[in-house]
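The values are calculated or read from the model by the stated rules, or taken from the named source; none is laboratory data. Nothing here was measured: the structure is a model prediction, and the numbers come from that model. Methodologically, a virtual Cβ is constructed for each residue, glycine included, from the backbone with ideal geometry; neighbour enumeration extends over all protein chains shown. What goes into the accessible areas is simple: the full protein's heavy atoms, side chains included, and nothing from ligands, DNA or RNA. Shrake-Rupley method; radii C 1.70, N 1.55, O 1.52, S 1.80 Å.
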Amino acid sequence: MKRRQLMTWMCGAVPMSLWPAHGGHAQSPSPSSLPDWLTEAARRMDNAAVIRGDFEQIKTIKGFKKPLLSRGRFLIARGQGIQWLTLEPFPSTLVVTRERLITVTEGGVQQMDARQEPGLRAVNELLMAVLGGDLRALSKRFQVDGALLGSQGWRMTLVPKDEALRRFIARIDMEGDRYVQQVRLTEGAGDESRIRFAHHSSTSLTQAEAARFN
């Protein structure tokens, strides 16, 4: 799978995240270097070891009148990775770590190793910080603009600093409170993905969930 296919996966039928502050090599900006509102937004977010919930994703593709709709469940295990379980329209499971990307469908299992695919590790880390709400890590790679909403909420717009990344991602709009509640990702080509998250909870990994990371 080439980098373009990876970015299409990230922006499309299955979503994204980014996560260097929880194990990546890049160092995040220190709290003192962040704007006050961003520091406060990071403070408001839940840093539980495991966060799970439901998602609904709508992807609009240029040239297609009808958007693509998918629903399912997600799981974020800090320090380990993300599991994205699509239930509709077709069942599939996708597991993302810094080192691997694994897809499980009715057709079988496919696995990619970051050591064999240039750029995969960076894409995986990017995937893990958006869903994980790692705002300090995001500010390392994106120009961040936003504001606090009331006593608990926040919103922000992320524009990639790197020109190469901007060819794939034009901007990311995020909104949340203790958790990331919704993400809108606009691709460089003009396609758009809107993802809503609901029913968040913090519970330990089951045996089956832990086994998917190994």
How about region 137-214: which strands (runs of 3 or more DSSP E) wholly inside it have at least 3 residues that are open to solvent by less than 60 Å² (accessible area, probe 1.4 Å) and of a type outside the set (A, V, I, L, M)? 153-160, 180-187, 192-201
Taking region 132-169, which residues are aromatic (Phe, Trp, Tyr) and without any contact (Cβ under 8 Å) to a residue 40 or more places away in the chain? Phe142
Listed by first then second residue, the pairs whose first member lies in region 171-193 and is over 12 Å from Lys62 (Cα atoms), whose partner is open to solvent by less than 20 Å² (accessible area, probe 1.4 Å) and of a type in the set (Lys, Arg), with beta carbons under 8 Å and at least 6 positions apart or on separate chains, are none
Mind listing whichever residues of region 78-90 are of a type in the set (A, V, I, L, M) and at pLDDT below 90? Ile82
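Evaluate the following for Leu75: is it at pLDDT 85 or above and either small (Gly, Ala, Ser) or in a strand (DSSP E or B) (or both)?
yes
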